[in-house]
Amino acid sequence: MSNIGSYDDRIKNFSWSIAEDELGYKDGDIINIGWYCSDRICQMGKGDKIALYHEGFGGKEKSYTFNDIRLAGNTIGTFLRSLGIKAEDRVCLFMDRIPELYLSFLGVLKIGAIVQPLFSAFGDESLYVRLENAGTKAIITQKKHLSKIRKIIDTLPSLEHIIIVDYNKDKQYQNKEVGFILNEADPVEEMNICPTKADSPSVLHYTSGTTGQPKGVRHVHYSLISQYLTTKWVLDLREDDIYWCTADPGWVTGTSYGIIGPWSLGVTLCVLDRGFSAEAWYKFIEKYKITMWYSAPTAIRSLMKAGDEIVKKIDLSSLRHLASVGEPLNAEAVTWSERVFGMPFLDTYWQTETGSMMITNHPGMKIKPGSMGKSFPGITTVLLDAKTYEPITKQGKAGLIAFKPGWPAMMTTYWNNEEKYKEKFINGWYLAGDRAYIDADGYYWFIGRDDDVINTGGHLVSPFEVESALLEHEAISESAVVAKPDEVNMEVVKAFITLKPGYEFDDDTELNIMNFIRKKLSPLAMPQEIEFMENLPKTRSGKIMRRILHAKEWGEEIGDISTLEDD
Ligand code: WT7
């Protein structure tokens, strides 16, 4: 079975009903992602097929069939119901990449509640703002993360249940804490799955903007339609594939393509619960005979750095197809992968808000290394003039990436922040917040973001969040946070600060500040460098001009500051 069809044919004859028909869905039907990812696959006779190969931090292996994940989803869902969790309640998943994370994802969706996955390395403050905004009712977690939750529980009145998946019966637990050990629970063979519809909310992912707190991107069950089809056509997943998505489900790649896409197609998924190491990653591919690998540019650049020799020592012949997402994939990384793996990484462009891939290198299409490719069939992309917001027709001219709303996985709002959601639209277009140009063959080339958000190793960091953490330190008077170039991560976080009278900037102060903010921020948002300044550059009205600091870091022309708009 091959999924490869011609891009030109597909784009000409395209309708989302292709995915609806394949999934047996008609307008107005019940559509529940939890059911589609497990029960439906079992109904198709694949209950005994492996759904998940899991390798834990210490190398411990586990595997689950589609019937196992169906039962686990039922069992977890039924337990959540017994606690009083209802449809549309927010349930946060705050776990490392352990099997319970993937199984709970299905359980929460099956009862129609909203999954709120959060990266387990978040500190208590990052956790707090997201739980507070969502009014989260329950959090599923591990013992090792309890201390962070205990610190904030008293300030979160909506949070009623802390469910611990590795509960220790002999230990004393506190108010609202309850244990749930999946292996010890009676498996629930049948349950009433919540009859969610196309517009019922499913997943709530938090993403950072330039200003304000992180925004909760609200997705719906109908997102399945485009997640399924992009997985099938771009990741080209087939019946016998063994698939590895390296992303953590705390981010949208880890759910849209790290759970929903592959399982809705009944494809075997591999999960490695450990961070990056070239050797460990290659060995993982060799051990599980991974055929399709979806990763990110920072990881690919780290592999390049580890060298070609190590690739030769490990058998990677199982690999058939590679793809990448999250940040610009440089041409060198594409040609390197062609040389060492015998095939290129195909770049894909999309966002938390879009829920599924928008611009892709479709298999079979000619690849131009360094380009993001073309619009996925059914997606209308335009580049808008930054001043008039009119579509640009001239090839090669930079514009703002915008999409015509209406693809199935598009976000439906920012949670509790309709205003910010509305700001994303202009003249009927959804503004992605990035700049690109299009060439004569219709290929898109990424230029940069249209805001101050920092993309470090594929993770968006809000300068505002880091600045706020810095300002809480007693010695700091002002702060400005920008991206600084980095060989592997493309960008890393750099902070500029001024100090209050009476404080000196020395190694001790710097260490003290670093230790202070480490407790507040996720490790990914931590500044790599703090630079002390007497004064920060400001507009006439007193607003800090990050772009001047940014230009300084990137060796760019600053221009005549006196003529800069006072915005
Ligand atoms: C932002 C979205 C979608 C999953 C991971 C990121 C940047 C994403 C690419 C790419 C250049 C890219 C954009 C985008 N980005 N893919 N192929 N080339 N930049 O999701 O955290 O919402 O970030 O990541 O700036 O807007 P996200």
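The values are calculated or read from the model by the stated rules, or taken from the named source; none is laboratory data. What you see is a predicted model; the values in this text were computed from it and never measured. No Cβ is skipped: glycine too gets one built from the backbone with ideal geometry, and neighbour counts run over all protein chains shown.
Residues in the stretch 463-472 that are surrounded by fewer than 21 Cβ atoms within 10 Å (Cβ to Cβ) and either within 16 Å of the ligand (Cβ to nearest atom) or not in a helix (DSSP H, G or I) (or both): 464, 472. Assigned by TED's automatic domain parsing to the domain that holds residue 425, modelled with pLDDT of 95 or more, over 21 Å from the mean Cα position of the chain (by Cα) and in a loop (DSSP other than H, G, I, E, B): is that true of residue 317 in this structure? The answer is yes for residue 317. Just one of (1) over 28 Å from residue 402 (Cβ atoms); (2) crowded, with 18+ Cβ neighbours inside 10 Å; (3) more than 16 Å from the ligand (Cβ to nearest atom) fails for residue 492. It is (3).
Checking the structure you have, find out if any residue of the stretch 404-416 is charged (D, E, K, R), surrounded by fewer than 21 Cβ atoms within 10 Å (Cβ to Cβ) and more than 30 Å from residue 20 (Cβ to Cβ). Scanning the stretch 404-416, I find no residue that is charged (D, E, K, R), surrounded by fewer than 21 Cβ atoms within 10 Å (Cβ to Cβ) and more than 30 Å from residue 20 (Cβ to Cβ), so the answer is no. Name the residues in the stretch 497-541 that are among the acidic types (Asp, Glu) and in a helix (DSSP H, G or I), would you? Of everything in the stretch 497-541, those that are among the acidic types (Asp, Glu) and in a helix (DSSP H, G or I) turn out to be 507, 508, 510. Considering the stretch 228-245, and only residues there that are in a loop (DSSP other than H, G, I, E, B) and touching a strand residue (DSSP E or B) at 6+ places or on another chain (Cβ under 7 Å), the residue that is nearest to residue 379 (Cα to Cα) turns out to be 234. The set of residues from the stretch 314-338 being touching a residue at least 12 places away in the same chain (Cβ under 8 Å), more than 9 Å from the ligand (Cβ to nearest atom) and under 23 Å from residue 241 (Cα atoms) comprises 314, 315, 316, 318, 319, 320, 321, 322, 323, 334, 337.
A residue that is away from the ligand (no atom under 16 Å from the Cβ), closer than 22 Å to residue 234 by Cβ, hydrophobic (A, V, I, L, M, F, W, C) and touching a Gly at 6+ places or on another chain (Cβ under 9 Å) cannot be found anywhere in the stretch 291-301. Of all residues in the stretch 256-265, none satisfies being assigned by TED's automatic domain parsing to the domain that holds residue 23, part of a strand (DSSP E or B) and buried (at least 24 other Cβ atoms within 10 Å of the Cβ).
Residues checked against (1) over 19 Å from the mean Cα position of the chain (by Cα); (2) at pLDDT 95 or above:
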site	(1), (2)
390	yes, yes
414	no, yes
425	yes, yes
429	yes, yes
456	no, no
461	no, no
464	yes, no
467	yes, no
477	yes, no
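When residue 379 is tested against the conditions (1) modelled with pLDDT under 95; (2) part of a loop (DSSP other than H, G, I, E, B); (3) within 16 Å of the ligand (Cβ to nearest atom), the lone failure is (1).
So that you can scan it fast, the table gives a plain yes or no per residue for (1) outside the structural domain of residue 331 (by TED's automatic domain parsing); (2) free of Cβ contacts under 8 Å to residues at least 12 places away in the same chain; (3) more than 15 Å from the ligand (Cβ to nearest atom):
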| residue | (1), (2), (3) |
| --- | --- |
| 407 | no, no, no |
| 412 | no, no, yes |
| 422 | no, yes, yes |
| 431 | no, no, no |
| 445 | yes, no, no |
| 458 | yes, no, no |
| 461 | yes, no, no |
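Residue-level analysis places residue 221 among those that are modelled with pLDDT of 95 or more, away from the ligand (no atom under 16 Å from the Cβ) and outside the structural domain of residue 524 (by TED's automatic domain parsing). Contact map, the stretch 31-52: first residue in the same structural domain as residue 222 (by TED's automatic domain parsing) and outside any strand (DSSP E or B), second residue surrounded by fewer than 18 Cβ atoms within 10 Å (Cβ to Cβ) and among the charged types (D, E, K, R), Cβ cut-off under 8 Å, separation 6 or more or different chains; pairs are 31/197; 41/49. Return the total of residues in the stretch 340-363 being away from the ligand (no atom under 15 Å from the Cβ) and in contact (Cβ under 8 Å) with a residue 24 or more places away in the chain. Counting residues in the stretch 340-363 that are away from the ligand (no atom under 15 Å from the Cβ) and in contact (Cβ under 8 Å) with a residue 24 or more places away in the chain gives 4.
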